[in-house]
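Below is one structure, written out as structure tokens; the observations come after it.
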Amino acid sequence: MAFRGQVAFVTGGGSGMGRLAARNLASAGKTVVALDVNEEGLAETAARHASLHTVPLDVTNASAVEAAAKQVETDLGPIDRVYNAAAIMPLGKLLDQDLETIHRIMAINYDGLVNVTRFTLPGMLERGRGDFINFASMAGWLPILYMGAYNASKFAVVAFSEVLYHENRGKGVRFACVCPPPVATPLLQQGRDTVWPKALDGAPPIEPQAVLDAIEAALEKDRFWVFPGRGTSLGWRLRRLVPGLLWNRVHKVEGF
């Protein structure tokens, strides 16, 4: 494990990637604070892990995020690693989704990440150490029919994370922007419960642990971009070089 600190701050800790990240660190003897709006999920995450603390929290509430970050550092010590894993993924055509849903996707997936950044990263930079990990997605590079709102939120995460990294290079904090393909977590079920793009059925979802292992490997090598799974780096390059080719495939698969 690349983590050389002690205290970790994990959003989206009530399920999926956030839950597994929190449990992995707790099992390694780290002090972990898992945050989520899902209190039942947080309790399940923390079960049998004495060093795993939970905080019910909506990341869209900036003042609550600020208070939580301050309380963690007062009670447990300086935050040494942040996982920004909180996200939602209801899908649908942009003109079919209601405005509240579209705005909620951006508020959680992007605005929440910004809130956490503002109230955790400055202390890490001041101390000159730590790991700051933002979960984007291949959806932050590859727009697909039915995924417009989710794509927009993850494109925003990609851009924000890249600029954030370049503004703070060489200050002792290791940054990672993680861009996995579909991962076998409950997040995918939100998409399947709404409208599931056929374009996502080309390969089975990868396992969450593979994503977390790729993050550790990237941090060890001081690599910012993390593209877990087979074909993700190729997809990223194809989107940049021949976007029309990818769109032709998407339209063919979806039938319109």
Criterion: among the β-branched types (Val, Ile, Thr), part of a helix (DSSP H, G or I) and touching a Ser or Thr at 6+ places or on another chain (Cβ under 8 Å) - qualifying residue of ILE102, ILE108: ILE108
Long-range neighbours under 8 Å by Cβ, at least six apart or interchain, first residue polar (S, T, N, Q) within segment 227-256, second modelled with pLDDT of 90 or more: THR232/MET138; THR232/CYS179; THR232/PRO180; THR232/PRO181; SER233/PHE227
Scope segment 120-137; condition surrounded by fewer than 23 Cβ atoms within 10 Å (Cβ to Cβ) and in a helix (DSSP H, G or I); matching residues: LEU121, PRO122, GLY123, LEU125, GLU126, ARG127
Matching residues in segment 195-220 - criterion: being in a helix (DSSP H, G or I), touching a residue at least 60 places away in the same chain (Cβ under 8 Å) and not aliphatic (A, V, I, L, M): PRO208, GLN209, GLU216, GLU220
Residues (in a loop (DSSP other than H, G, I, E, B) and either under 14 Å from the mean Cα position of the chain (by Cα) or surrounded by 16 or more Cβ atoms within 10 Å (Cβ to Cβ) (or both)) located in segment 169-183: VAL173, CYS179, PRO180, PRO181, PRO182
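Yes/no matrix, rows are residues, columns are (1) of a type in the set (Gly, Ala, Ser); (2) out of contact with any Gly (no Cβ under 6 Å at 6 or more places or on another chain):
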{"position": "GLY18", "(1), (2)": "yes, no"}
{"position": "VAL32", "(1), (2)": "no, yes"}
{"position": "ASN38", "(1), (2)": "no, no"}
{"position": "LEU42", "(1), (2)": "no, no"}
{"position": "VAL65", "(1), (2)": "no, yes"}
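A quick yes/no check of all residues on (1) under 30 Å from ARG127 (Cβ atoms); (2) among the aromatic types (Phe, Trp, Tyr):
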position: PRO182; (1), (2): no, no
position: GLY202; (1), (2): no, no
position: LEU212; (1), (2): yes, no
position: GLU220; (1), (2): yes, no
position: ARG230; (1), (2): no, no
position: TRP247; (1), (2): no, yes
position: VAL250; (1), (2): no, no
Residue list for segment 104-126, filter: within 24 Å of LEU91 (Cα to Cα) and in contact with a strand residue (DSSP E or B) (Cβ under 8 Å, 6 or more places away or on another chain): GLY112, LEU113
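The values are calculated or read from the model by the stated rules, or taken from the named source; none is laboratory data. Bear in mind the structure is a predicted one, so any value in this text is a computation, not a measurement. Cβ sites come from the backbone with ideal geometry, for glycine too, and all protein chains shown count toward neighbours.
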